[in-house]
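The values are calculated or read from the model by the stated rules, or taken from the named source; none is laboratory data. Values in this document were obtained by computation on a predicted structure and should not be read as measured data. Every residue, glycine as well, gets a Cβ built from its backbone with ideal geometry; the counts of neighbours run over all protein chains shown.
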Amino acid sequence: MYAAGSSNGNIGNGRHWTDSIDELPDSDASDTDDEDERNFEGIRFELENLLVRMAMIVEECYHHFMHPSVRVCIPQRTSKLTGAMWVHWVLTNPNPTTCYEQFRMLPKTFLKLCNTLKHNGFLQSSRYVKITEQVAAFCLVMAQCHTQRTVADRLQRSLHTVSVYVNRTAKALCRLGKNIIRPAAMELPHPYVARNGRYYPWFAKCIGAIDGTHVKACVQGENIVPYRSRKSTITQNVMCVVDFDLCFTYVYAGWEGNTHDSRIFQECIEDPTALFPMPVEDYFYLVDSAYGCYKGFLPPHRNERYHLEDFRRGRRRLKNAAELFNYRHSSLRSAVERTFGVWKARFPIFDNMHPYPIENQRLFVVACCAVHNFIRKDCGADDPLFCDALTTHYGQHWIDVSQLPTMTPVPYVAHGAPPDRTRESKEMMIIVREAMTSHMWETANEE
């Protein structure tokens, strides 16, 4: 009907596309009827607009596919609730549970952490992003396991801004960790050891426990092989020293997942730049059998039941002195597992790491350990995670560490001191362990 004037199949045959409209067949009735003429003009006007719009759509599609670099800039994050407003709402909410669910810490602890970072010069507010919003972005990534895109939408910031301030906050927390990830200045024996007849007086000079844990890593390409653990998961191996207040006193992160704990331990104590807190005199750490028996490191007896699960199932009765020593050794050293449990429950990103550079993943481990210690020293048992761990396992034997100084030198460790791994050192520690085992068995039989 509208193909008049296009005998060869091309509309207009090189003419303008509106010329074909003029060639529409006229009706005999419309020559004298003004109303039909107006209707025809209206249809013609609507048809012209439709064709113009179709031409614009075709042109836009052409530029979209032929020139993809040309884009129409449309604002994306235009919510009236800005990131600063949202963080302020969370911190000032009458119910502190809101802040704890979002940042995994109470509002007073969050603000104190920001003030501490600012006072020490580790982190400062920028022109457009306040320090509270920077720390909030870090907490949302670590504690909520959010991707940076989700955090960018929540805080109404660009992906670049979120990435920059998450990394900047992690580095600031690592610098803070140099002050708070260290042995606490307190009198020994530890109150928990002194008040518990299962441990005192044999572990009176015990200053902590050592163990390793695997956290998920995200590695791609050829570097993925060294990070594959014995459970076929991609992880990094982290060695930590903890005390009986569930605080980290030393963190050694960044090792590949297939590295054995004993090698990490050897590299750590033999490298003076690692600044490992080496025990002095008669003080010692509790370790498992993989770390060896040397001066300052007390392992359990080999070829005997050791883990608490082994004592809870099957035959529960202790058959000899070595099993009794191993049972109490494992029970006291379980402070490491409780510390790791609280730490990983607060920061679930270590069970589902996002594709960050491996250097940043190492920083995240140390930064979250610093936050863990800060919360423990600031909140005490007010924090729900610590409250559950302390009351369930320690009962009334734990103490409030919120008032302990963090910069006071500790006399029972020497940072970076060379280890004594001679045969005489090993024999001396074996003698100490045998004496403790015999005395412990005699005391248990007397009771």
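Checked against the criterion of being under 21 Å from LYS426 (Cα atoms), at pLDDT below 90 and either touching a His at 6+ places or on another chain (Cβ under 6 Å) or not small (Gly, Ala, Ser) (or both), the candidates GLU270, GLU309, GLU222 yield just one match: GLU270. Restricting attention to segment 255-274, the residues being surrounded by 18 or more Cβ atoms within 10 Å (Cβ to Cβ) and of a type in the set (Gly, Ala, Ser) number 1. Would you say GLN361 is among the polar types (S, T, N, Q), under 22 Å from ARG182 (Cα atoms) and crowded, with 18+ Cβ neighbours inside 10 Å? Yes: the conditions hold for GLN361. Within segment 179-198, the set of residues being modelled with pLDDT of 90 or more and surrounded by fewer than 22 Cβ atoms within 10 Å (Cβ to Cβ) comprises ASN179 only.
Taking the criterion of being in contact with a Phe, Trp or Tyr (Cβ under 6 Å, 6 or more places away or on another chain), at pLDDT 70 or above and closer than 30 Å to TYR128 by Cβ, would at least one residue in segment 86-103 satisfy it? Yes, some residue in segment 86-103 is in contact with a Phe, Trp or Tyr (Cβ under 6 Å, 6 or more places away or on another chain), at pLDDT 70 or above and closer than 30 Å to TYR128 by Cβ. In segment 404-422, the residue that is surrounded by the most Cβ atoms within 10 Å (Cβ to Cβ) out of those that are at pLDDT below 50 and of a type in the set (S, T, N, Q) is THR406. In segment 97-116, how many are within 21 Å of HIS146 (Cβ to Cβ) and part of a helix (DSSP H, G or I)? Count: 12. In segment 138-178, of all residues being closer than 13 Å to HIS354 by Cα and not hydrophobic (A, V, I, L, M, F, W, C), the one that is surrounded by the fewest Cβ atoms within 10 Å (Cβ to Cβ) corresponds to ARG149. Of all the criteria given as (1) closer than 30 Å to HIS260 by Cβ; (2) of a type in the set (S, T, N, Q); (3) modelled with pLDDT of 95 or more, the one not satisfied by THR213 is (3). If the condition is being surrounded by 21 or more Cβ atoms within 10 Å (Cβ to Cβ) and on the phi > 0 side of the Ramachandran plot, then segment 199-222 contributes only GLY208. A search for C-beta distances below 6 Å between a residue of segment 229-251 that is in the same structural domain as LYS216 (by TED's automatic domain parsing) and free of Cβ contacts under 8 Å to residues at least 60 places away in the same chain and any residue that is aromatic (Phe, Trp, Tyr) and in a strand (DSSP E or B), counting only pairs 6+ apart in sequence or on different chains, returns ASN237/TRP255; MET239/TYR252; VAL241/TYR250.
Could you check segment 374-389 and list, in sequence order, the residues that are surrounded by fewer than 18 Cβ atoms within 10 Å (Cβ to Cβ), in contact (Cβ under 8 Å) with a residue 60 or more places away in the chain and assigned to a helix (DSSP H, G or I)? Result: PRO384, single match.
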